[in-house]
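Visitor: This is the structure I have questions about; it appears just below.
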Number of protein chains: 2
Amino acid sequence: MKSDLQEITDQVRTAEADHAGLHYRRVTDSARGCERGTVLLGEAIVHGYPRIGRVLALRPGLGEQFRSPFWVEEKVNGYNVRIFRYEGRPLALTRGGFVCPFTTDRLPELLDLAVFDEEPDLVICGEVAGPDNPYVESAPPFVVHDVALFTFDLMRLGQPTPLPAAEAYELIDRARLPAVTRFGRYTTEDIAAIQAIARRLDSEGHEGIVFKEDSARARRAKYVTAASAISDIQSTAPGLMEVPPEYFLGRILRLVLFLREEGLTRDAELDRRLGAAFLDGPYAAVEQFQREQRVSHTYRCRLRERDNALALVQHINQVSGHAIQVTLRDLRQEGAHWVVEFDRLYPSLNGLLGHLLHGGLLYD
Amino acid sequence: MKSDLQEITDQVRTAEADHAGLHYRRVTDSARGCERGTVLLGEAIVHGYPRIGRVLALRPGLGEQFRSPFWVEEKVNGYNVRIFRYEGRPLALTRGGFVCPFTTDRLPELLDLAVFDEEPDLVICGEVAGPDNPYVESAPPFVVHDVALFTFDLMRLGQPTPLPAAEAYELIDRARLPAVTRFGRYTTEDIAAIQAIARRLDSEGHEGIVFKEDSARARRAKYVTAASAISDIQSTAPGLMEVPPEYFLGRILRLVLFLREEGLTRDAELDRRLGAAFLDGPYAAVEQFQREQRVSHTYRCRLRERDNALALVQHINQVSGHAIQVTLRDLRQEGAHWVVEFDRLYPSLNGLLGHLLHGGLLYD
C-alpha cells in the first residue's frame, strides 16, 4: 500500500521551496481532496487549510448550509497561517504553503510554544492581524500596534480536516492559545441573536463571523459585515488595476445584502463612507505621484532576526509576480527587534499616471 | 490603379449586414487608416468616425496636444451616429457601422433632411441623446424627454477625415443643423477661461468638452467632468459584472484629476454622490430580484414605423452578444408613433443573485 505522502506526490502538482536550509514541497493546485498550500516536509504532511464558503444572505444561508446547531466565532481580518513544529523547529506556513519568514520569526512572541511539547503533531490554524504585518493593508480595530495571533482552528499533521470545534476549544483553552472571540452555540432559530452579533461587529468595524456546524461533517460558512466590504474596497485602491472586475461587485453585493438582512437603513453617511473608500486611495496616489513621481505603498514590520527580515522581502518579491515591484526601503535595529520597511509599487498604475499627468491621451 | 473601395476591401476585415433590403459591409477592425465602423454600400464609402483621445489632466494635456489655437465645444452624453443619404434614402449608422433602425426611423424628426439636396455627399456626425434612446442608460439634463440630435462634425462620403471646424460651423449654421454648443476659439494661454467652462458644465451635470485644433492637422482631444465620471459609474451598475476592471479605475481617476485640475474641494457631498453611484444600481437590482426573481433594465423609445421597432430589438439582440439577453416587452401605438419597450437582462448577474439569495455559498 502506498503511503499518504506517496499518494499526494503522485496525484497533485507541487513546487519546491526552501527556508533557512529546510527543503520542502508545496501543493500548487487543489486536487484529489488535497488543498492547495499543503506542505510536504520530510515525512510530514501539513494539509492546506480548507476553504470556507461565504454566505451573502444570512437567513437563507444558515438554513441552506446547516442541519445541526453550529458554533459562532469572530472572523478576524489578517492573513492565514498554519503553525507546527518540525524536528524541534516551530514553523509558520502561509495559505499558499510557503514558510513565512516573518511569522516564523515572531512565533515565540505570538504564542507559548510549549504546546508542541504536549501535542507534537498539532497544527495551529490562525489569523495574524495588525497594522505592522507584511501582507495586508488593513487591520482590525482591536490590534492597534504590531501584530497578534488569533487561533481559529486546530489540525493534526497528516490530517486534512480540522478538529471538531468543541475538541479544539478544549485544547485551545488548556494550552492558553490566543484565539478568536467565541459567541457560543446557536441554531437557525436564533437568527435574531446572530443578526445582533453581526450588527454589533459591523458598528465596531470588525470583519465578520464564521459558523461551524457541531456535527461529524464539520461544515463551515462565513459572513462578513458592511464595514468589512467597505474596508476591502478602501485597502484595494492602490492595486485597483490588478483586481478582477467581480472584486468590486462582490464587495458591493456583500454591503447591500448585509444592510437588507440586518434591517439597516442605507443613509447618506453610508454612501459617503463607500465613496470615500473608492476615492481615498486614488486621491492619495495622485498626490504622491505629483510629489514623488511614483506611487508606492510602504509596509513596515518588526522581526527578531535580521536574516529573517531579508528573507521576508525576498519571499514577497518571489510571490508578488511581475505586476508588483517590491523594494527594501529601510532595515534598522529598534530595541530587541529589526524593523524592516519595504515598498510595494504597481508598475501599471505608475505608468498610467505618468502618461496622464504629462498630458498624454487615453483612447478608450 | 485600384479604387479606394477596392483598397479597403483588400486590406481590412469586413462583415456583411442588411437593413430593410439594403445590403452593406462594415469594417470590423481598424487597420490601414480605415476606422472600424466604416461602411461600404454599393460604391459609397462612409468612413468610421475617428476616435478622439481623452486628456485627464487638462493643463498639461492642452499644452501637450495642441500647437495652434483650438475650438472648444460641448461633449454630449449619448450615442454616436453618422447620417448620410444613399440612393435617396437617409440612413443613420452606429459607431460600429450598423444601420441603426431607431435613428434611421426618426431622422425626419431629428433634422431637416433638405440639407442632402444641397450637399448630397455630406455625412453628419452627431450624438443622439435623451432618456428615450435604445442604447445608453443616462441622458444629458438638457434633453428631458424623447431624444435629440447634436451635430458635432461633418464628413464627406469617401473621406476619412472630418471637415475643418470653421468650415463645418459655416455649413451647420447655413443648413440649421441641430448642433452641440460652441464655446469659441482659445489657446493654451486661456486655461482659466477653459477651466471656468469645465466647472460650469460639471456643476450643471453636463458631460464635458471637445477640443479641435484650428489647423490643417485637425487634431482633437476630449475632457470630461467629475459629474460625467460619477454618472458613468451610476449607469454601469446593472452591467457591473460585464465591464473590465480598468473601467472603474478610469472613472475614478477622471474624477480625482478633474477635482485637482479645477481646484475643486473634495468634500463629503462628493464622496456621498460617488458612493450612491456605486450603490444605487446593485441596491435596486437586489430589490427587483426579490420582487420579480430577476434583474433587468427596461428601455423605451418611440419610432414612426412598426417594422423599424421590431428591427431595432433584433439589432440590439444581435450586437449584445451572449452576456446580455434582450426581450421585447411591449409594442403599442401612441399618437403618431409606435412605442417599443424591451428589457436587457444580464444572465451572469441574475445567476449570481439567485444563488446568493437562496443561501448559496461563494468561494473566493
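The values are calculated or read from the model by the stated rules, or taken from the named source; none is laboratory data. Predicted model, so just to flag it, every value in this text is computed and none were measured. Here Cβ is always computed from backbone atoms with ideal geometry, including for glycine, and neighbour counts include all displayed protein chains. Side chains included, ligands, DNA and RNA excluded: accessible areas come from the protein's heavy atoms. Shrake-Rupley method; radii C 1.70, N 1.55, O 1.52, S 1.80 Å.
Visitor: Go through the range A:140-163 and give me each residue that's crowded, with 17+ Cβ neighbours inside 10 Å and either farther than 24 Å from residue A:91 by Cβ or in contact with a Phe, Trp or Tyr (Cβ under 6 Å, 6 or more places away or on another chain) (or both).
Guide: A:140
Visitor: Considering each residue of the range A:299-338, count those that are open to solvent by less than 50 Å² (accessible area, probe 1.4 Å) and of a type in the set (S, T, N, Q), and give that number.
Guide: Total meeting the criteria: 2.
Visitor: Now, a different point. Going by what's in this entry, would residue A:306 be described as out of contact with any helix residue (DSSP H, G or I) (no Cβ under 8 Å at 6 or more places or on another chain) and of a type in the set (Lys, Arg)?
Guide: It is true that residue A:306 is out of contact with any helix residue (DSSP H, G or I) (no Cβ under 8 Å at 6 or more places or on another chain) and of a type in the set (Lys, Arg).
Visitor: Residues of the range B:1-39 being in contact (Cβ under 8 Å) with a residue 60 or more places away in the chain, in contact with a Ser or Thr (Cβ under 9 Å, 6 or more places away or on another chain), open to solvent by 50 Å² or more (accessible area, probe 1.4 Å) and among the charged types (D, E, K, R), which ones?
Guide: Within the range B:1-39, B:36 is the sole residue that qualifies.
Visitor: Could you give every pair whose Cβ atoms fall below 7 Å, whose first residue belongs to the range A:272-287 and is within 7 Å of another protein chain (Cβ to nearest Cβ), and whose second residue is open to solvent by 50 Å² or more (accessible area, probe 1.4 Å) and small (Gly, Ala, Ser), counting only separations of at least 6 or pairs across chains?
Guide: These pairs meet every condition: A:272/B:268.
Visitor: Run residue A:64 past the list (1) acidic (Asp, Glu); (2) without any contact (Cβ under 8 Å) to a residue 40 or more places away in the chain; (3) more than 19 Å from residue B:362 (Cα to Cα) and report the number of the one that doesn't hold.
Guide: (3)
Visitor: Let me ask you something else. Kindly indicate the residue of the range A:51-86 that is surrounded by fewer than 22 Cβ atoms within 10 Å (Cβ to Cβ) and under 13 Å from the mean Cα position of the chain (by Cα) and also nearest to the other protein chains (Cβ to nearest Cβ) among those meeting that condition.
Guide: A:51
Visitor: Just to be sure I understand, how many residues within the range B:242-251 are under 20 Å from the mean Cα position of the chain (by Cα) and either more than 7 Å from chain A (Cβ to nearest Cβ) or under 20 Å from residue B:279 (Cβ atoms) (or both)?
Guide: So the answer is 6.
Visitor: Still on this model: Going through the range B:339-364 one residue at a time, which ones are assigned to a helix (DSSP H, G or I) and either open to solvent by less than 30 Å² (accessible area, probe 1.4 Å) or closer than 19 Å to residue A:66 by Cα (or both)?
Guide: Hits for the range B:339-364 are B:349, B:350, B:353, B:354, B:355, B:356, B:357.
Visitor: For the range A:331-364: of the residues being more than 14 Å from chain B (Cβ to nearest Cβ) and touching a Lys or Arg at 6+ places or on another chain (Cβ under 6 Å), which is nearest to residue B:256 (Cα to Cα)? Show your work before the answer.
Guide: To start, the set of residues in the range A:331-364 that are more than 14 Å from chain B (Cβ to nearest Cβ) comprises A:331-345, A:347.
Going one step further and asking which of them are touching a Lys or Arg at 6+ places or on another chain (Cβ under 6 Å), we end up with A:337-339, A:341-343.
On the way: A:337: 40, A:338: 38, A:339: 34, A:341: 29, A:342: 27, A:343: 24 Å.
It comes out as A:343.
Visitor: Additional query: Listed residues A:314, A:318; which is within 17 Å of residue A:100 (Cβ to Cβ) and modelled with pLDDT of 90 or more?
Guide: The unique qualifying residue is A:314.
Visitor: Give me the pairs: first residue in the range B:136-151 and of a type in the set (Val, Ile, Thr), second residue open to solvent by 30 Å² or more (accessible area, probe 1.4 Å), beta-carbon distance under 6 Å, and six or more apart or on different chains, which are they?
Guide: B:151/B:179
Visitor: Tell me, which strands (runs of 3 or more DSSP E) lie completely within the range A:1-48 with 3 or more residues that are farther than 17 Å from residue A:160 by Cα? Lay out the reasoning, then the answer.
Guide: Details: elements: A:14-19, A:22-27, A:39-41, A:44-46.
Ranges flagged: A:14-19, A:22-27.
Visitor: Considering only the range A:258-269, state which residues are in a helix (DSSP H, G or I), more than 7 Å from chain B (Cβ to nearest Cβ) and either open to solvent by 40 Å² or more (accessible area, probe 1.4 Å) or of a type in the set (A, V, I, L, M, F, W, C) (or both).
Guide: Hits for the range A:258-269 are A:258, A:259, A:269.
Visitor: Would the range A:171-180 turn up any residue that is assigned to a helix (DSSP H, G or I) and touching a residue at least 40 places away in the same chain (Cβ under 8 Å)?
Guide: Looking through the range A:171-180, at least one residue is assigned to a helix (DSSP H, G or I) and touching a residue at least 40 places away in the same chain (Cβ under 8 Å).
Visitor: Give the range B:288-315 a look and list any residue that's among the hydrophobic types (A, V, I, L, M, F, W, C) and touching a His at 6+ places or on another chain (Cβ under 8 Å), or say none.
Guide: Once the filter is applied, which keeps residues that are among the hydrophobic types (A, V, I, L, M, F, W, C) and touching a His at 6+ places or on another chain (Cβ under 8 Å), the range B:288-315 yields B:303, B:311.
Visitor: Another one. Might you let me know whether the range A:307-316 holds any residue that is of a type in the set (A, V, I, L, M), in a strand (DSSP E or B) and in contact with a Phe, Trp or Tyr (Cβ under 7 Å, 6 or more places away or on another chain)?
Guide: Scanning the range A:307-316 turns up no residue that is of a type in the set (A, V, I, L, M), in a strand (DSSP E or B) and in contact with a Phe, Trp or Tyr (Cβ under 7 Å, 6 or more places away or on another chain).
Visitor: Also, I was wondering about something else. Output the number of the condition that residue A:230 fails; it satisfies all remaining conditions of (1) touching a residue at least 60 places away in the same chain (Cβ under 8 Å); (2) over 17 Å from residue A:53 (Cβ atoms); (3) crowded, with 17+ Cβ neighbours inside 10 Å.
Guide: With respect to (1) touching a residue at least 60 places away in the same chain (Cβ under 8 Å); (2) over 17 Å from residue A:53 (Cβ atoms); (3) crowded, with 17+ Cβ neighbours inside 10 Å, residue A:230 is out only on (1).
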